[in-house]
1. What whole-number value in cubic angstrom gives the convex hull volume per residue for the C-alpha atoms of the chain?
2. Taking the alpha-carbon set of segment 29-116, what are its Rg and Dmax in Å?
3. For a quick check of your reading of the filter: which chymotrypsin sites (Phe, Trp or Tyr not before Pro) in segment 138-194 sit in a DSSP loop and have no more than 13 other Cβ atoms within 10 Å?
4. Taking the dipole about the Cα centre of the chain, with the C-beta of Lys and Arg at +1 and of Asp and Glu at -1, give me whichever of 188, 109, 177 is farthest to the positive side.
5. Residues of segment 101-123 with the amide nitrogen closer than 19 Å to a label point 7 Å from the Cα of residue 136, along Cα-to-Cβ, please.
6. Per q in 0.14, 0.15 1/Å, what log10 I(q)/I(0) does a Debye calculation on the alpha-carbon atoms of segment 7-64 return?
7. Grab the DSSP H runs of the chain that are 4 residues or longer, score each as -39,500 (n - 2.57), total them, divide by all residues and round the 222 nm result to the nearest 500 deg cm²/dmol.
8. With just the Cα atoms defining each centre, how far is segment 85-134 from segment 164-186? Give it in Å.
Amino acid sequence: MRSAEIVRKTNETDIRLSFGIDGEGNSSIETGVPFMSHMMDLFTKHGQFDCTIEANGDTEVDDHHTTEDIGICLGQALLESLGDKKGIKRYGSAMVPMDEALAQVVVDLSNRPHLEFRAELPSQKVGTFDTELVHEFLWKLALEARMNLHVIVHYGHNTHHIIEAIFKALGRALDEATTIDPRVKGVPSTKGML
């Protein structure tokens, strides 16, 4: 079972996250940030991962530190779960509609962190959640997982729908990239390493 558990405790957050690549879409998510909990639940279900998150943060200030640190922990757990990356597909891509919105996510588990975020979010908030934190979360995820992560929103006008499509597509793209392909011998790179 490719899985990892990460514990991160700072003066701003206290997070325990367990993550399994070869899961069934099961989740138990308590982040203290309701919209983020919803997105992580969607991500887990559509990626067919198993994920448990218990997060307490300084949400009386705002949701920034908690959201950012969940991205850090998830990225570290994904990287650790992948181990030596032997046999994985490495690349994954998914396009997901959510009513009027269409989001595309493309990943490369290349050991080269990069985020390309081509999305306009019409509203600054969804409920109490600051939508700029979507970028913050994705950047920390890409950095800690050491992956190329490209997010392209083709269109949409409802901010909730756009973000939901992004997280569903992220789960599906990572599901594809982390899949073991029996045809792949070693790591999928002409360099011989990732």
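The values are calculated or read from the model by the stated rules, or taken from the named source; none is laboratory data. Values in this document were obtained by computation on a predicted structure and should not be read as measured data. Cβ sites come from the backbone with ideal geometry, for glycine too, and all protein chains shown count toward neighbours. Accessible surface areas use protein heavy atoms only, side chains included; no ligands, DNA or RNA. Shrake-Rupley method; radii C 1.70, N 1.55, O 1.52, S 1.80 Å.
1. Numbers: hull volume 20.2 nm³, N = 194.
Once divided by residue count, the hull of the chain is 104 Å³.
2. Radius of gyration, then largest Cα-Cα span, for segment 29-116: 14.7, 44 Å.
3. For chymotrypsin sites (Phe, Trp or Tyr not before Pro) across segment 138-194 that sit outside H, G, I, E and B with at most 13 neighbouring Cβ atoms in 10 Å, the list is empty.
4. Positive-most Cα among the choices belongs to 188.
5. Only 115-123 pass the distance filter.
6. -0.38, -0.43
7. On the way: 4 runs with 66 residues, N = 194.
Computed ellipticity for the chain at 222 nm equals -11500 deg cm²/dmol.
8. First find each Cα centre; the distance between them is then 13 Å.
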